[in-house]
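The values are calculated or read from the model by the stated rules, or taken from the named source; none is laboratory data. Owing to the predicted nature of the structure, the values given are computational and were not obtained by experimental measurement. Cβ coordinates were reconstructed from backbone atoms using ideal geometry, including for glycine residues, and neighbour counts include every protein chain displayed. Surface areas here come from the heavy atoms of the whole protein model, side chains and all, with no ligands, DNA or RNA. Shrake-Rupley method; radii C 1.70, N 1.55, O 1.52, S 1.80 Å.
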Amino acid sequence: MNSNPSPSNSSRFEGCTLTGALSVLTEVRDAVCVIHGPSGCTHHNFSLLHATLLSNDRPGVPRLLSTRLTEKDIIFGGEEALEATIARALSLFPAPSSVFVLSTCIVETIGDDTAAVSAKAWGVPVIAVPTAGFLGGVFETGIKNALSSVASLARPAGERTLSANLVGEKNLEYGVDENAAEIGRLLARLGIGINLRFVRGIGTGDVGRLGSAAVNILREPALRPVGDDLKRRFNTPFVDSFPAGLSGTCRFLEDVGRICGIDASAAVEGERAFQREMLSRFTDIGGSRICFRSPHPMLEGDPVAEAVSTECAAALDLAVEEDGTPIPLPYPAPVGTAGLRRMLNRWRVLVREKGRG
């Protein structure tokens, strides 16, 4: 599987490092994020995150503070402004259990030592997160740096439980909770529970459980460096991707079972039966002629999404032909059998509309 399955020129992954980190850190619900830089960096990200929360029926306000650097600060240094803003964050009600300090491009340019300021005795964990993208960092870099920074709050691994951590969920992605529910359903076939969603909707204290899971499940292969980091810290093995496709979902069960020392054969057979029943609901479009198209002309094809779609077309006896009904390739690839069901419902609508046309 491609180690970077996302389209290489997608603004979502080649965008702002700071935004990528905030998509993770604002999910630590009792934390405050201090953005060390001009106020515009905070305003832009606050608007994006607030709109995303509302669109997903999650009312709430991201707890962001800006050091609001001025031209004077940029010329003479902004560390005093950072200290004052951290102190302000700690005076908020309710008081934060942790504070994350995020750098911006201008701060890295002038050389403010955010790590040194954060390391002072503040009474709660204050953690510096490198998020300036001017040296080549992108959205995905911010996610990785944020996950590693939150992991520093965890205690050393203690007693293991037969459970899994979900690592690096795409919090700006539509359907993120549905995807987590699908992973939970699949793990339940193996008798495994979810220990921690790392990081989504958790508190600072919850991070202490990070090292107690038997396996980490990464959202996508691009997060392998995070998986390696967590394995180094806690000796926790990982599966490098959420499941995609009919056969991929069964392989996922086999991989998790092997890591956890569980015979997955019954779980796999049960899932195959579940998939056959799911596919039987779409026999009405069997034999239709379709063709696959990129979801957007500016996006390159995702080989995982293409393989998943081709597999489903074959299972339903759909003819893939150049002049068939155009079907946009999913982006990103659907997760598990439930994700395929939602995808096939969209296919049915398109095929029927073409038939009526």
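Restricting to segment 225-248, name every residue that is of a type in the set (Ser, Thr, Tyr), more than 18 Å from the chain's Cα centre (by Cα) and crowded, with 20+ Cβ neighbours inside 10 Å. Show your work before the answer.
Let us first name the residues in segment 225-248 that are of a type in the set (Ser, Thr, Tyr), namely 236, 241, 247.
From what is left, the residues that are more than 18 Å from the chain's Cα centre (by Cα) are 236, 247.
If the condition is that a residue be of a type in the set (Ser, Thr, Tyr), more than 18 Å from the chain's Cα centre (by Cα) and crowded, with 20+ Cβ neighbours inside 10 Å, then Thr236 is the only one that fits.
Quick check: is even one residue across segment 173-183 touching a Gly at 6+ places or on another chain (Cβ under 7 Å), among the acidic types (Asp, Glu), at pLDDT 95 or above and not in a loop (DSSP other than H, G, I, E, B)?
Checked against the condition, which is being touching a Gly at 6+ places or on another chain (Cβ under 7 Å), among the acidic types (Asp, Glu), at pLDDT 95 or above and not in a loop (DSSP other than H, G, I, E, B), segment 173-183 yields at least one hit.
Taking only segment 57-100 into account, find how many residues are among the polar types (S, T, N, Q) and in contact with a helix residue (DSSP H, G or I) (Cβ under 8 Å, 6 or more places away or on another chain).
Counting residues in segment 57-100 that are among the polar types (S, T, N, Q) and in contact with a helix residue (DSSP H, G or I) (Cβ under 8 Å, 6 or more places away or on another chain) gives 4.
Which residue pairs have Cβ atoms closer than 7 Å, lie 6 or more positions apart in sequence or on different chains, and pair a first residue in segment 41-64 that is basic (Lys, Arg) with a second residue that is outside any loop (DSSP other than H, G, I, E, B) and loosely packed, with under 11 Cβ neighbours inside 10 Å?
none
Filter segment 249-268 down to the residues that are buried (at least 19 other Cβ atoms within 10 Å of the Cβ) and not hydrophobic (A, V, I, L, M, F, W, C) and list them by number.
The answer is Thr249, Asp255, Gly257.
Only residues that are modelled with pLDDT of 95 or more and either of a type in the set (Gly, Ala, Ser) or touching a Pro at 6+ places or on another chain (Cβ under 7 Å) (or both): list them for segment 120-141, please. Break it down into steps so the answer makes sense when it comes.
Step one: of segment 120-141, the residues modelled with pLDDT of 95 or more are 120-129.
Across segment 120-141, the qualifying residues are Ala121, Gly123, Val124, Ala128.
Checking Ala314 against (1) out of contact with any strand residue (DSSP E or B) (no Cβ under 9 Å at 6 or more places or on another chain); (2) of a type outside the set (Ser, Thr, Tyr); (3) closer than 24 Å to Glu353 by Cβ; (4) part of a helix (DSSP H, G or I): exactly one of these is not met. Which one?
Condition not satisfied by Ala314: (1).
Can you tell me how many residues within segment 200-224 are within 21 Å of Phe252 (Cβ to Cβ) and either under 16 Å from the mean Cα position of the chain (by Cα) or surrounded by fewer than 19 Cβ atoms within 10 Å (Cβ to Cβ) (or both)?
Restricting attention to segment 200-224, the residues satisfying the condition of being within 21 Å of Phe252 (Cβ to Cβ) are 200, 213-224.
Keeping just the survivors that are either under 16 Å from the mean Cα position of the chain (by Cα) or surrounded by fewer than 19 Cβ atoms within 10 Å (Cβ to Cβ) (or both) gives 200, 216-224.
The total comes to 10.
Does at least one position in segment 83-98 carry a residue that is open to solvent by 60 Å² or more (accessible area, probe 1.4 Å), without any contact (Cβ under 8 Å) to a residue 60 or more places away in the chain and in contact with a Pro (Cβ under 7 Å, 6 or more places away or on another chain)?
No, every residue in segment 83-98 fails to be open to solvent by 60 Å² or more (accessible area, probe 1.4 Å), without any contact (Cβ under 8 Å) to a residue 60 or more places away in the chain and in contact with a Pro (Cβ under 7 Å, 6 or more places away or on another chain).
Which residues, counting only those in segment 117-152, are free of Cβ contacts under 8 Å to residues at least 12 places away in the same chain and over 20 Å from Ser97 (Cβ atoms)?
Gly136
Okay, residues lined up against (1) surrounded by fewer than 21 Cβ atoms within 10 Å (Cβ to Cβ); (2) modelled with pLDDT under 95:
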residue	(1), (2)
Ser39	yes, yes
Asn45	no, yes
Thr52	yes, yes
Arg58	yes, yes
Leu65	yes, no
Thr70	yes, yes
Asp73	no, yes
Gly78	no, yes
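Collect the residues in segment 218-256 that are among the small types (Gly, Ala, Ser) and in a loop (DSSP other than H, G, I, E, B), keeping them in residue-number order.
Within segment 218-256, Ser241, Ala244, Gly245 meet the criteria.
Just the residues that are more than 24 Å from Glu220 (Cβ to Cβ), open to solvent by 30 Å² or more (accessible area, probe 1.4 Å) and among the hydrophobic types (A, V, I, L, M, F, W, C), please, taken from segment 280-314.
Scanning segment 280-314 gives a single hit, Ala314.
Being in contact with a helix residue (DSSP H, G or I) (Cβ under 6 Å, 6 or more places away or on another chain) and assigned to a loop (DSSP other than H, G, I, E, B) is the filter; apply it to segment 3-15 and report the residue that is modelled with the highest pLDDT.
Across segment 3-15, the extreme among qualifying residues is Gly15.
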